[in-house]
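Asks: Below is one structure. I have some questions about it.
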């Protein structure tokens, strides 16, 4: 296994872990809103950010040519093209 495939596998594993934590955070935020009985602007903004993180995860897992915003992965992807 070459280093490029190892880094891609590590990136996918990290992105999967981030997606799991994001889903957990969404449920935690919803639970907090239900417990408080009211929703604040910060709650809405957090849920919007969670939705954006999940959509970025979906995009990165469904396309081969996803351009990652992580600076360390850009030179590797450029050299593979």
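Asks: Taking segment 1-15 as the search range and keeping residues that are part of a helix (DSSP H, G or I) and free of Cβ contacts under 8 Å to residues at least 24 places away in the same chain, which one is farthest from residue 50 (Cα to Cα)?
Replies: Looking at the filtered set, the residue picked out is 3.
Asks: From the list 53, 33, 26, which residue is surrounded by 14 or more Cβ atoms within 10 Å (Cβ to Cβ), modelled with pLDDT of 90 or more and under 16 Å from the mean Cα position of the chain (by Cα)?
Replies: The unique qualifying residue is 26.
The values are calculated or read from the model by the stated rules, or taken from the named source; none is laboratory data. Since we're looking at a predicted model, the values are computed, not measured. Every residue, glycine among them, receives a Cβ derived from its backbone with ideal geometry; neighbour counts consider all protein chains shown.
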